[in-house]
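Since the structure comes first, as C-alpha coordinates, the remarks are kept for the end.
The values are calculated or read from the model by the stated rules, or taken from the named source; none is laboratory data. Computed from a prediction, not measured in an experiment: that's the story for all the values here. With ideal geometry, Cβ positions are generated from the backbone for all residues, glycine too; neighbour counts draw on all protein chains shown. Note: areas computed on protein heavy atoms with side chains; ligands, DNA, RNA excluded. Shrake-Rupley method; radii C 1.70, N 1.55, O 1.52, S 1.80 Å.
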Amino acid sequence: MQQRVLIVGAGLAGSVLARCLAEAGVPSLVIDSREHPAGMCYSSRDEETGVEVHRFGPHIFHTSNERVWAFVNRFAHWVPWVNRVHATNAKGVFSMPINLHTINQLFGQRLNPAQAREFIASKQDKSIVNPANAEEQLLRFVGREIYETFFRDYTTKQWGVSPRELSADIIKRIPIRFNYDDNYYNDIYQGFPQEGYTGLVQNILAHEAISVQLNTPYEAAMKGEFSHVFYSGPPDAYFQFACGRLGYRTVDFRYERGEGELQGCGCLNYTDMSVPFTRAHEHKYFSPWEKHDKSVVLYEYSREASGDDAPYYPKRMPADLAGLRAYLPLVEAEHGVSFIGRLGCYRYMDMHHVIASSLDYAEHFLAYRAEKVEKLRSMATDPL
Ligand code: UDP
(Lines give C-alpha, C1' and ligand atoms only; values in the text may rest on other atoms or scores of the structure.)
Protein backbone atom coordinates (compact mmCIF):
# COMPACT_ATOMS: atom_id res chain seq x y z
CA MET A 1 0.00 0.00 0.00
CA GLN A 2 1.29 3.44 -0.87
CA GLN A 3 0.16 7.01 -0.41
CA ARG A 4 -0.51 7.32 -4.14
CA VAL A 5 -4.15 7.43 -5.26
CA LEU A 6 -5.60 6.04 -8.48
CA ILE A 7 -7.83 8.30 -10.54
CA VAL A 8 -9.82 6.54 -13.22
CA GLY A 9 -10.62 8.89 -16.09
CA ALA A 10 -8.48 11.76 -17.43
CA GLY A 11 -11.48 14.02 -18.06
CA LEU A 12 -12.28 17.20 -16.16
CA ALA A 13 -13.43 15.43 -12.98
CA GLY A 14 -10.28 13.32 -12.71
CA SER A 15 -7.75 15.92 -13.82
CA VAL A 16 -9.03 18.67 -11.50
CA LEU A 17 -9.01 16.27 -8.57
CA ALA A 18 -5.49 15.01 -9.45
CA ARG A 19 -4.21 18.58 -9.61
CA CYS A 20 -5.65 19.62 -6.25
CA LEU A 21 -4.27 16.52 -4.56
CA ALA A 22 -0.87 16.93 -6.24
CA GLU A 23 -0.59 20.52 -5.03
CA ALA A 24 -1.30 19.28 -1.51
CA GLY A 25 1.48 16.69 -1.82
CA VAL A 26 -0.66 13.63 -2.68
CA PRO A 27 0.65 11.87 -5.80
CA SER A 28 -1.68 10.12 -8.22
CA LEU A 29 -1.79 7.87 -11.23
CA VAL A 30 -4.48 8.95 -13.68
CA ILE A 31 -5.56 6.26 -16.12
CA ASP A 32 -7.92 6.43 -19.06
CA SER A 33 -9.07 3.71 -21.42
CA ARG A 34 -9.13 6.21 -24.29
CA GLU A 35 -6.03 7.14 -26.27
CA HIS A 36 -6.42 10.81 -25.38
CA PRO A 37 -6.91 12.88 -22.23
CA ALA A 38 -9.82 15.30 -21.60
CA GLY A 39 -12.60 12.70 -21.63
CA MET A 40 -15.82 14.03 -23.11
CA CYS A 41 -14.48 17.56 -23.59
CA TYR A 42 -11.67 16.26 -25.84
CA SER A 43 -11.06 18.59 -28.79
CA SER A 44 -8.70 18.22 -31.74
CA ARG A 45 -8.12 19.72 -35.19
CA ASP A 46 -10.24 18.49 -38.05
CA GLU A 47 -7.68 17.44 -40.68
CA GLU A 48 -9.65 18.65 -43.72
CA THR A 49 -10.63 22.09 -42.46
CA GLY A 50 -8.08 22.83 -39.72
CA VAL A 51 -10.94 23.77 -37.37
CA GLU A 52 -10.71 22.71 -33.71
CA VAL A 53 -13.58 20.27 -33.14
CA HIS A 54 -15.14 19.25 -29.82
CA ARG A 55 -15.22 15.55 -30.65
CA PHE A 56 -17.93 14.62 -28.15
CA GLY A 57 -20.21 17.53 -28.86
CA PRO A 58 -20.01 21.24 -28.10
CA HIS A 59 -18.60 22.31 -24.77
CA ILE A 60 -19.32 25.95 -24.04
CA PHE A 61 -17.83 26.85 -20.72
CA HIS A 62 -19.94 29.00 -18.41
CA THR A 63 -19.93 29.61 -14.68
CA SER A 64 -20.74 32.10 -11.96
CA ASN A 65 -18.61 30.26 -9.46
CA GLU A 66 -15.57 32.47 -8.69
CA ARG A 67 -13.58 29.55 -7.36
CA VAL A 68 -14.12 27.51 -10.52
CA TRP A 69 -13.36 30.49 -12.74
CA ALA A 70 -10.13 31.26 -10.84
CA PHE A 71 -9.11 27.61 -11.13
CA VAL A 72 -9.59 27.28 -14.89
CA ASN A 73 -7.84 30.60 -15.49
CA ARG A 74 -4.64 29.14 -14.11
CA PHE A 75 -4.50 26.63 -16.96
CA ALA A 76 -5.78 28.37 -20.10
CA HIS A 77 -6.37 31.74 -21.74
CA TRP A 78 -10.10 32.20 -21.94
CA VAL A 79 -11.65 34.02 -24.87
CA PRO A 80 -15.08 35.44 -24.04
CA TRP A 81 -17.96 34.15 -26.13
CA VAL A 82 -21.71 34.39 -25.77
CA ASN A 83 -23.75 31.37 -26.77
CA ARG A 84 -26.53 32.63 -29.02
CA VAL A 85 -28.57 29.64 -30.08
CA HIS A 86 -31.14 29.60 -32.89
CA ALA A 87 -33.96 27.16 -33.36
CA THR A 88 -35.27 26.17 -36.78
CA ASN A 89 -38.58 24.45 -37.55
CA ALA A 90 -41.44 24.52 -40.06
CA LYS A 91 -42.56 27.93 -38.76
CA GLY A 92 -39.20 29.66 -39.30
CA VAL A 93 -35.91 30.41 -37.56
CA PHE A 94 -36.14 31.72 -34.01
CA SER A 95 -34.01 33.13 -31.26
CA MET A 96 -33.32 30.85 -28.28
CA PRO A 97 -33.71 30.54 -25.35
CA ILE A 98 -37.31 31.78 -25.38
CA ASN A 99 -37.04 35.58 -25.11
CA LEU A 100 -39.04 38.61 -26.18
CA HIS A 101 -37.75 38.24 -29.74
CA THR A 102 -38.89 34.59 -29.89
CA ILE A 103 -42.34 35.47 -28.52
CA ASN A 104 -42.79 38.33 -30.99
CA GLN A 105 -41.50 36.19 -33.86
CA LEU A 106 -43.71 33.20 -33.12
CA PHE A 107 -46.93 35.12 -32.51
CA GLY A 108 -46.32 37.91 -35.07
CA GLN A 109 -46.46 40.55 -32.33
CA ARG A 110 -44.54 43.68 -31.32
CA LEU A 111 -44.99 43.32 -27.56
CA ASN A 112 -42.93 45.08 -24.93
CA PRO A 113 -41.79 43.15 -21.80
CA ALA A 114 -44.91 43.91 -19.72
CA GLN A 115 -47.24 43.11 -22.60
CA ALA A 116 -45.34 39.88 -23.32
CA ARG A 117 -45.67 38.77 -19.69
CA GLU A 118 -49.39 39.35 -19.83
CA PHE A 119 -49.65 37.62 -23.21
CA ILE A 120 -47.74 34.54 -22.04
CA ALA A 121 -49.76 34.50 -18.81
CA SER A 122 -52.89 34.20 -20.98
CA LYS A 123 -51.32 31.14 -22.66
CA GLN A 124 -50.32 29.38 -19.43
CA ASP A 125 -52.27 26.31 -18.41
CA LYS A 126 -53.27 27.38 -14.89
CA SER A 127 -55.05 24.09 -14.25
CA ILE A 128 -51.62 22.54 -13.62
CA VAL A 129 -50.58 23.53 -10.11
CA ASN A 130 -47.66 21.23 -9.37
CA PRO A 131 -46.06 20.20 -12.67
CA ALA A 132 -45.29 16.48 -12.42
CA ASN A 133 -43.22 16.21 -15.57
CA ALA A 134 -41.45 18.26 -18.26
CA GLU A 135 -44.58 18.63 -20.40
CA GLU A 136 -46.68 19.93 -17.52
CA GLN A 137 -43.87 22.27 -16.49
CA LEU A 138 -43.85 23.83 -19.98
CA LEU A 139 -47.64 23.96 -20.39
CA ARG A 140 -47.85 25.61 -16.98
CA PHE A 141 -45.20 28.25 -17.72
CA VAL A 142 -45.20 28.92 -21.49
CA GLY A 143 -48.37 27.35 -22.87
CA ARG A 144 -49.05 24.91 -25.66
CA GLU A 145 -47.75 26.81 -28.74
CA ILE A 146 -44.27 27.42 -27.36
CA TYR A 147 -44.15 23.93 -25.89
CA GLU A 148 -45.07 22.24 -29.16
CA THR A 149 -42.92 24.48 -31.37
CA PHE A 150 -39.68 24.36 -29.41
CA PHE A 151 -39.72 21.64 -26.78
CA ARG A 152 -41.97 18.68 -27.49
CA ASP A 153 -40.18 17.21 -30.52
CA TYR A 154 -36.66 18.29 -29.59
CA THR A 155 -36.97 16.74 -26.15
CA THR A 156 -38.48 13.55 -27.58
CA LYS A 157 -35.55 13.25 -30.01
CA GLN A 158 -32.99 14.09 -27.34
CA TRP A 159 -34.25 11.75 -24.63
CA GLY A 160 -36.09 9.10 -26.68
CA VAL A 161 -39.26 9.48 -24.61
CA SER A 162 -42.15 11.92 -24.43
CA PRO A 163 -41.64 14.98 -22.18
CA ARG A 164 -44.57 13.53 -20.20
CA GLU A 165 -42.17 10.85 -18.95
CA LEU A 166 -39.34 13.21 -18.08
CA SER A 167 -38.67 15.12 -14.91
CA ALA A 168 -39.52 18.83 -14.96
CA ASP A 169 -35.89 19.47 -13.91
CA ILE A 170 -34.57 18.85 -17.42
CA ILE A 171 -36.38 21.93 -18.66
CA LYS A 172 -35.56 24.11 -15.66
CA ARG A 173 -32.07 24.45 -17.18
CA ILE A 174 -33.52 26.65 -19.92
CA PRO A 175 -34.38 30.24 -18.99
CA ILE A 176 -37.40 32.10 -20.37
CA ARG A 177 -36.97 35.85 -20.66
CA PHE A 178 -39.21 38.82 -21.31
CA ASN A 179 -36.45 41.00 -22.78
CA TYR A 180 -34.19 40.70 -25.82
CA ASP A 181 -31.37 38.98 -23.92
CA ASP A 182 -30.57 35.98 -26.13
CA ASN A 183 -27.57 34.76 -24.17
CA TYR A 184 -28.26 31.04 -23.70
CA TYR A 185 -26.70 31.09 -20.23
CA ASN A 186 -27.29 33.25 -17.18
CA ASP A 187 -23.72 32.97 -15.91
CA ILE A 188 -21.20 35.77 -15.36
CA TYR A 189 -18.32 34.07 -17.18
CA GLN A 190 -18.54 32.31 -20.54
CA GLY A 191 -15.95 31.42 -23.15
CA PHE A 192 -13.48 28.99 -24.67
CA PRO A 193 -9.94 28.00 -23.72
CA GLN A 194 -7.61 29.27 -26.45
CA GLU A 195 -5.50 26.12 -26.23
CA GLY A 196 -8.57 23.92 -26.74
CA TYR A 197 -10.11 21.76 -24.03
CA THR A 198 -7.44 19.11 -24.58
CA GLY A 199 -4.78 21.76 -23.93
CA LEU A 200 -6.64 22.90 -20.81
CA VAL A 201 -6.77 19.37 -19.38
CA GLN A 202 -3.14 18.67 -20.35
CA ASN A 203 -2.08 21.80 -18.49
CA ILE A 204 -4.10 20.76 -15.43
CA LEU A 205 -2.43 17.34 -15.48
CA ALA A 206 1.10 18.75 -15.97
CA HIS A 207 2.43 18.33 -12.44
CA GLU A 208 5.34 16.20 -11.22
CA ALA A 209 3.12 14.37 -8.70
CA ILE A 210 0.69 13.25 -11.45
CA SER A 211 1.43 10.32 -13.78
CA VAL A 212 -0.91 9.74 -16.70
CA GLN A 213 -1.39 6.42 -18.45
CA LEU A 214 -3.69 6.41 -21.50
CA ASN A 215 -5.05 3.30 -23.27
CA THR A 216 -5.38 1.78 -19.80
CA PRO A 217 -8.78 0.45 -18.71
CA TYR A 218 -9.44 0.05 -15.01
CA GLU A 219 -9.14 -3.45 -13.59
CA ALA A 220 -10.29 -4.47 -10.12
CA ALA A 221 -6.79 -5.82 -9.31
CA MET A 222 -5.39 -2.26 -9.49
CA LYS A 223 -7.31 -1.21 -6.42
CA GLY A 224 -5.04 -2.92 -3.91
CA GLU A 225 -2.01 -0.93 -5.08
CA PHE A 226 -3.37 2.48 -4.10
CA SER A 227 -4.53 4.19 -0.94
CA HIS A 228 -7.77 5.30 -2.62
CA VAL A 229 -9.51 5.05 -5.99
CA PHE A 230 -11.52 7.89 -7.57
CA TYR A 231 -13.65 6.47 -10.36
CA SER A 232 -15.19 8.83 -12.93
CA GLY A 233 -16.88 6.16 -15.07
CA PRO A 234 -20.46 4.89 -14.72
CA PRO A 235 -21.17 3.06 -11.44
CA ASP A 236 -23.05 0.25 -13.21
CA ALA A 237 -19.99 -0.48 -15.39
CA TYR A 238 -17.74 -0.46 -12.28
CA PHE A 239 -19.81 -3.28 -10.77
CA GLN A 240 -19.95 -5.15 -14.11
CA PHE A 241 -23.68 -4.44 -14.38
CA ALA A 242 -24.38 -6.70 -11.37
CA CYS A 243 -27.70 -4.90 -10.74
CA GLY A 244 -28.50 -4.20 -14.40
CA ARG A 245 -27.79 -1.26 -16.68
CA LEU A 246 -28.60 2.37 -15.96
CA GLY A 247 -30.07 4.34 -18.87
CA TYR A 248 -27.82 6.72 -20.81
CA ARG A 249 -28.25 8.56 -24.08
CA THR A 250 -25.39 8.55 -26.52
CA VAL A 251 -24.83 10.77 -29.56
CA ASP A 252 -23.72 9.95 -33.13
CA PHE A 253 -22.16 12.74 -35.19
CA ARG A 254 -22.37 13.35 -38.92
CA TYR A 255 -19.71 15.70 -40.27
CA GLU A 256 -20.45 18.09 -43.12
CA ARG A 257 -17.57 20.11 -44.60
CA GLY A 258 -17.44 22.96 -47.10
CA GLU A 259 -16.09 26.39 -48.00
CA GLY A 260 -16.95 29.59 -46.13
CA GLU A 261 -19.83 29.57 -43.65
CA LEU A 262 -22.24 26.66 -43.77
CA GLN A 263 -24.71 27.43 -41.01
CA GLY A 264 -23.94 30.98 -39.94
CA CYS A 265 -23.92 30.41 -36.18
CA GLY A 266 -22.39 28.13 -33.58
CA CYS A 267 -25.54 26.30 -32.44
CA LEU A 268 -28.68 25.59 -34.43
CA ASN A 269 -31.44 23.48 -32.84
CA TYR A 270 -33.85 21.52 -35.04
CA THR A 271 -37.06 21.45 -33.08
CA ASP A 272 -39.29 19.45 -35.50
CA MET A 273 -39.65 15.67 -35.51
CA SER A 274 -39.41 15.63 -39.33
CA VAL A 275 -35.63 16.18 -38.97
CA PRO A 276 -33.89 13.22 -37.30
CA PHE A 277 -31.03 15.16 -35.69
CA THR A 278 -31.47 17.39 -32.66
CA ARG A 279 -28.96 20.14 -33.38
CA ALA A 280 -25.92 21.13 -35.43
CA HIS A 281 -22.78 23.02 -34.50
CA GLU A 282 -20.45 24.94 -36.78
CA HIS A 283 -17.27 24.60 -34.81
CA LYS A 284 -15.24 27.45 -36.23
CA TYR A 285 -17.39 29.88 -34.25
CA PHE A 286 -16.00 28.22 -31.13
CA SER A 287 -12.51 29.58 -32.00
CA PRO A 288 -13.32 33.24 -32.72
CA TRP A 289 -9.61 34.14 -32.55
CA GLU A 290 -8.87 31.97 -35.63
CA LYS A 291 -9.58 32.48 -39.34
CA HIS A 292 -10.68 29.53 -41.49
CA ASP A 293 -11.71 29.47 -45.16
CA LYS A 294 -13.26 26.05 -44.75
CA SER A 295 -15.82 24.96 -42.22
CA VAL A 296 -17.20 21.86 -40.56
CA VAL A 297 -20.66 21.30 -39.08
CA LEU A 298 -21.44 18.39 -36.75
CA TYR A 299 -25.03 17.08 -36.75
CA GLU A 300 -26.10 15.33 -33.55
CA TYR A 301 -28.21 12.18 -33.54
CA SER A 302 -29.24 11.14 -30.06
CA ARG A 303 -30.03 7.52 -29.26
CA GLU A 304 -30.11 5.01 -26.42
CA ALA A 305 -26.64 3.91 -25.32
CA SER A 306 -25.99 0.17 -25.31
CA GLY A 307 -22.99 -2.16 -25.21
CA ASP A 308 -19.78 -0.20 -25.78
CA ASP A 309 -21.44 3.11 -26.72
CA ALA A 310 -20.00 6.12 -24.92
CA PRO A 311 -22.57 7.21 -22.31
CA TYR A 312 -23.31 10.96 -22.71
CA TYR A 313 -26.41 11.84 -20.75
CA PRO A 314 -27.60 9.98 -17.64
CA LYS A 315 -31.35 9.52 -18.21
CA ARG A 316 -32.51 9.40 -14.60
CA MET A 317 -35.91 7.97 -15.47
CA PRO A 318 -37.77 6.43 -12.48
CA ALA A 319 -36.54 2.94 -13.49
CA ASP A 320 -32.94 4.23 -13.64
CA LEU A 321 -33.18 5.80 -10.22
CA ALA A 322 -34.53 2.54 -8.85
CA GLY A 323 -31.60 0.81 -10.57
CA LEU A 324 -29.19 3.30 -9.03
CA ARG A 325 -30.64 2.59 -5.59
CA ALA A 326 -29.92 -1.10 -6.17
CA TYR A 327 -26.23 -0.19 -6.56
CA LEU A 328 -26.06 1.83 -3.33
CA PRO A 329 -25.32 -1.12 -1.01
CA LEU A 330 -22.51 -2.17 -3.37
CA VAL A 331 -21.11 1.38 -3.37
CA GLU A 332 -21.30 1.48 0.42
CA ALA A 333 -19.51 -1.85 0.77
CA GLU A 334 -16.78 -0.84 -1.70
CA HIS A 335 -14.29 0.71 0.71
CA GLY A 336 -11.62 3.04 -0.61
CA VAL A 337 -13.49 3.94 -3.81
CA SER A 338 -15.26 7.24 -4.57
CA PHE A 339 -17.40 7.93 -7.61
CA ILE A 340 -16.87 11.34 -9.22
CA GLY A 341 -17.97 13.42 -12.21
CA ARG A 342 -21.04 13.38 -14.45
CA LEU A 343 -20.96 9.64 -15.01
CA GLY A 344 -19.73 8.64 -11.57
CA CYS A 345 -22.53 10.62 -9.91
CA TYR A 346 -25.07 9.72 -12.64
CA ARG A 347 -26.11 13.37 -12.86
CA TYR A 348 -26.73 15.91 -15.63
CA MET A 349 -23.75 18.11 -14.69
CA ASP A 350 -22.14 20.88 -16.77
CA MET A 351 -18.37 21.35 -16.84
CA HIS A 352 -18.44 23.98 -14.11
CA HIS A 353 -20.48 21.67 -11.85
CA VAL A 354 -17.96 18.90 -12.42
CA ILE A 355 -15.02 21.16 -11.59
CA ALA A 356 -16.71 22.55 -8.47
CA SER A 357 -17.49 19.03 -7.34
CA SER A 358 -13.87 17.85 -7.81
CA LEU A 359 -12.56 20.90 -5.94
CA ASP A 360 -14.88 19.98 -3.05
CA TYR A 361 -13.93 16.31 -3.20
CA ALA A 362 -10.24 17.15 -2.98
CA GLU A 363 -10.87 19.43 -0.01
CA HIS A 364 -12.84 16.76 1.88
CA PHE A 365 -10.32 14.06 1.11
CA LEU A 366 -7.39 16.21 2.27
CA ALA A 367 -9.27 17.31 5.41
CA TYR A 368 -10.07 13.68 6.23
CA ARG A 369 -6.43 12.67 5.81
CA ALA A 370 -5.19 15.61 7.87
CA GLU A 371 -7.60 14.73 10.67
CA LYS A 372 -6.45 11.11 10.62
CA VAL A 373 -2.80 12.17 10.88
CA GLU A 374 -3.64 14.66 13.64
CA LYS A 375 -5.42 11.93 15.65
CA LEU A 376 -2.42 9.61 15.35
CA ARG A 377 -0.10 12.40 16.43
CA SER A 378 -2.16 13.19 19.50
CA MET A 379 -2.31 9.49 20.41
CA ALA A 380 1.47 9.52 20.48
CA THR A 381 1.87 12.77 22.43
CA ASP A 382 -1.14 13.27 24.69
CA PRO A 383 -0.74 12.18 28.32
CA LEU A 384 -3.02 9.30 29.31
N1 UDP B 1 -34.62 21.72 -25.16
C2 UDP B 1 -35.64 21.73 -26.11
N3 UDP B 1 -35.51 22.53 -27.22
C4 UDP B 1 -34.41 23.28 -27.45
C5 UDP B 1 -33.37 23.26 -26.48
C6 UDP B 1 -33.51 22.47 -25.37
O7 UDP B 1 -36.64 21.05 -25.95
O8 UDP B 1 -34.34 23.96 -28.49
C9 UDP B 1 -34.79 20.86 -23.95
C10 UDP B 1 -34.30 19.43 -24.18
O11 UDP B 1 -35.13 18.55 -23.43
C12 UDP B 1 -32.91 19.43 -23.63
C13 UDP B 1 -33.05 20.37 -22.43
O14 UDP B 1 -34.00 21.35 -22.87
O15 UDP B 1 -32.48 18.16 -23.24
C16 UDP B 1 -31.75 21.00 -22.00
O17 UDP B 1 -31.16 21.68 -23.08
P18 UDP B 1 -29.63 22.09 -23.13
O19 UDP B 1 -29.42 22.98 -24.30
O20 UDP B 1 -29.21 22.58 -21.80
O21 UDP B 1 -28.98 20.66 -23.43
P22 UDP B 1 -27.44 20.18 -23.50
O23 UDP B 1 -26.66 21.31 -24.10
O24 UDP B 1 -27.04 19.83 -22.12
O25 UDP B 1 -27.54 19.01 -24.39
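Worth a mention:
- Sequence of H101, H283 when ordered by accessible area, the most exposed leading, probe 1.4 angstrom: H101, H283
- Value at 222 nm in deg cm²/dmol, rounded to 500, when DSSP H runs of n ≥ 4 in the chain each add -39,500 (n - 2.57): -9500 deg cm²/dmol
- Accessible surface for the stretch 194-287, divided over its residues, is 44 Å² per residue with a 1.4 Å probe.
- Calculated FRET value between D252 and S64, using beta carbons and R₀ = 41 Å, to 0.05: 0.80
- Overall dimensions of the chain as given by Cα atoms, namely Rg and Dmax in Å: 23.0, 83
- Extension gain, A114 back to E145 (0.36 nm per residue minus Cα-Cα distance, nm): 9.2 nm
- Å² of accessible area per residue within the stretch 1-154, as computed with a 1.4 Å probe and no ligands counted: 42 Å²
- Set of the stretch 157-179 residues, backbone N closer than 18 Å to the point 7 Å along the Cα-Cβ line of Y301: 157-161
- Rh by Kirkwood over Cα pairs, then Stokes-Einstein D for the stretch 20-172 at 0.692 mPa s and 37 °C, µm²/s: 168 µm²/s
- A crude spin-label estimate for the pair K172 and R377, with each label 7 Å from Cα along the Cβ direction, gives 4.3 nm.
- D_trans [Stokes-Einstein, Kirkwood Rh over alpha-carbon pairs] for the stretch 1-67, 10 °C, 1.306 mPa s, µm² s⁻¹: 114 µm²/s
- Here F241 and A367 are evaluated by their C-beta separation; at R0 = 45 Å the FRET efficiency comes out at 0.85.
- Surface composition of the chain: carbon and sulfur atoms hold 51% of the protein heavy-atom accessible area at a 1.4 Å probe.
- Remark: spin-label model distance D309-V93 equals 3.1 nm, labels positioned 7 Å along the Cα→Cβ axis.
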